[in-house]
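Inspection log for the structure reproduced underneath, given as structure tokens.
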Amino acid sequence: MAIRERMSGNEAIATAMRQINPDVMGAFPITPSTEIPEYFSKFMADGQVDTQFVPVESEHSAMSVCIGASAAGARAVTATSSCGLAYMWELLYVAASSRLPITMAVSNRALTGPISIGNDHSDSMGARDSGWLQIYAENNQEVYDNFIQATLITEATRLPIMVCQDGFITSHGVSNIELIEDEKVKEFVGEYEPETYLLKAGEPLAVGPYGTAPYYMEVKRQQAQAMKDSMPVILEIAEKFEKMTGRSYAFFEEYRMEDAEVAVVVIGSSAGTGKEAVDRMRDEGRKVGLIKLRVFRPFPREMLAQAMCRVKAVAIMDKAESFSNSGGPLFNEARSALYDLADRPYAINYIYGLGGRDITVEDFREIYGDLFIIADEDDPGDVYRYIGVRDSRYEEGGFDHKKR
């Protein structure tokens, strides 16, 4: 029988780790993920796990520990945030190209500068092309469920995986959660039995070799294929998880999209605020919907495009800047996915929430209002916009919503 609890997202991650009982954890503290190794080290002190906990001098070393442990055949985990993830940059590519199953909890936080400890997605989005799988959570329940599923996903695909949650919003926010019994989690993840590893006698293995020109590109092609092949694996594991818990997961969630005329695409905890806006506007007779993206890597371009094509206009929201002069990372990939479809909606981008800036129900209502104007006027205007930012153009008057 499921266990009802109240805990933060960080404690939920640590609890999932305890139930999985990994072989090795390499960890270095950084706000707002520090609580994860803190909680886990207490589980160790209390004799609830037999993990080899390696406290290191930096996040670079934490990932080095995980790489060495995974290459040697161990189930390895870690946790980090923001500039801690940035400090791992070199090793993110090493882990991915070496095809090492590593599960990393990321409590998303803005990157400097200016210095900020507020939440946004600039850290993990900056690492989007490193070859790691990426899964995002709206709430603490999803944080917990995603981490348990991620253990099987990374081992089945031999691609490392980031389990991302919004720093402080879910990492420190306490909410009701339904835990799975310890024995069921252990049965779900099973024992890790890698086919090949460094310490396997009689089968020599090279990990992280020098990639000369005749071989380097083939390695990258294999990584790309593995990312593509991970898509059915993610769905198969989600189906297995639903049979155990009754909780359903996919690449994304469609909220009140059945007859929506306009919609928003969003990642993370902001989806909860967006859903509240949808409900209020639905009560007013406005046909609005929301798509919450859960899996960003691999990017489910075909399925997401089909979902977006059911509306007249869609706002794709980014909690990270790419400084590309063409919108944020989610927008560029989601809008590109629409290119080959004849009956595609107008797609515009909103950058929001940087450095922990609040996104409110009223902000969402404003966005939906803009979408209805776009649909009615048959003109998207400027597709690269900001929401919730102070702007002198508002104060000077004559500000056109099409140019936002």
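The values are calculated or read from the model by the stated rules, or taken from the named source; none is laboratory data. A quick note: this is a predicted structure, and the numbers were derived from the prediction, not measured. Here the Cβ positions follow ideal geometry from the backbone for every residue, glycine too, while neighbour counts run over all protein chains shown.
Return only the number of the condition from (1) part of a strand (DSSP E or B); (2) crowded, with 17+ Cβ neighbours inside 10 Å that residue 254 does not satisfy.
(2)
Would you call residue 238 assigned to a helix (DSSP H, G or I), out of contact with any Pro (no Cβ under 7 Å at 6 or more places or on another chain) and in the same structural domain as residue 331 (by TED's automatic domain parsing)?
no
Would you check if there is a residue in the range 193-211 being in the same structural domain as residue 30 (by TED's automatic domain parsing) and within 19 Å of residue 239 (Cα to Cα)?
No - not one qualifying residue is present in the range 193-211.
Being in a helix (DSSP H, G or I), of a type in the set (Phe, Trp, Tyr) and farther than 22 Å from residue 67 by Cβ is the filter here; which residues of the range 109-149 pass it?
Result: 144, single match.
On the given criteria, is residue 154 assigned by TED's automatic domain parsing to the domain that holds residue 123 and either at pLDDT below 95 or more than 27 Å from residue 82 (Cα to Cα) (or both)?
no
Mind telling me which of the residues 295, 383, 314 ends up being touching a residue at least 24 places away in the same chain (Cβ under 8 Å) and either closer than 18 Å to residue 275 by Cα or of a type in the set (D, E, K, R) (or both)?
Going through 295, 383, 314 in turn, the sole match is 314.
Just the residues that are over 14 Å from residue 12 (Cα atoms) and either of a type in the set (Phe, Trp, Tyr) or in contact with a Cys (Cβ under 7 Å, 6 or more places away or on another chain) (or both), please, taken from the range 34-53.
Of everything in the range 34-53, just one residue is over 14 Å from residue 12 (Cα atoms) and either of a type in the set (Phe, Trp, Tyr) or in contact with a Cys (Cβ under 7 Å, 6 or more places away or on another chain) (or both), namely 53.
Answer yes or no: is there a residue in the range 115-126 that is surrounded by 23 or more Cβ atoms within 10 Å (Cβ to Cβ) and closer than 21 Å to residue 231 by Cα.
Looking for residues that are surrounded by 23 or more Cβ atoms within 10 Å (Cβ to Cβ) and closer than 21 Å to residue 231 by Cα, one finds at least one in the range 115-126, hence yes.
May I ask you to say which residue of 7, 1 is over 14 Å from residue 104 (Cβ atoms) and at pLDDT below 95?
One residue alone meets the criteria, 1.
How many residues does the range 88-108 hold that are in contact with a strand residue (DSSP E or B) (Cβ under 9 Å, 6 or more places away or on another chain) and assigned to a loop (DSSP other than H, G, I, E, B)?
3
Is it the case that the range 195-209 has a residue that's over 30 Å from residue 15 (Cα atoms), of a type in the set (Ser, Thr, Tyr) and more than 25 Å from the chain's Cα centre (by Cα)?
no
Restrict the check to the range 85-93 and report whether at least one residue is buried (at least 19 other Cβ atoms within 10 Å of the Cβ) and in contact with a Gly (Cβ under 6 Å, 6 or more places away or on another chain).
No, because not a single residue in the range 85-93 is buried (at least 19 other Cβ atoms within 10 Å of the Cβ) and in contact with a Gly (Cβ under 6 Å, 6 or more places away or on another chain).
For the range 329-339, how many residues meet the condition of being over 18 Å from residue 374 (Cβ atoms) and either touching a residue at least 24 places away in the same chain (Cβ under 8 Å) or of a type in the set (Ser, Thr, Tyr) (or both)?
Count: 6.
Residue 358 - would you say it is touching a residue at least 40 places away in the same chain (Cβ under 8 Å), among the acidic types (Asp, Glu) and either crowded, with 16+ Cβ neighbours inside 10 Å or under 18 Å from residue 272 (Cα atoms) (or both)?
In short, no.
Quick one: which helices (runs of 4 or more DSSP H) sit completely within the range 299-400 and have at least 3 residues that are of a type in the set (A, V, I, L, M) and either more than 20 Å from the chain's Cα centre (by Cα) or over 30 Å from residue 234 (Cα atoms) (or both)?
Fully inside the range 299-400 and qualifying: 361-377.
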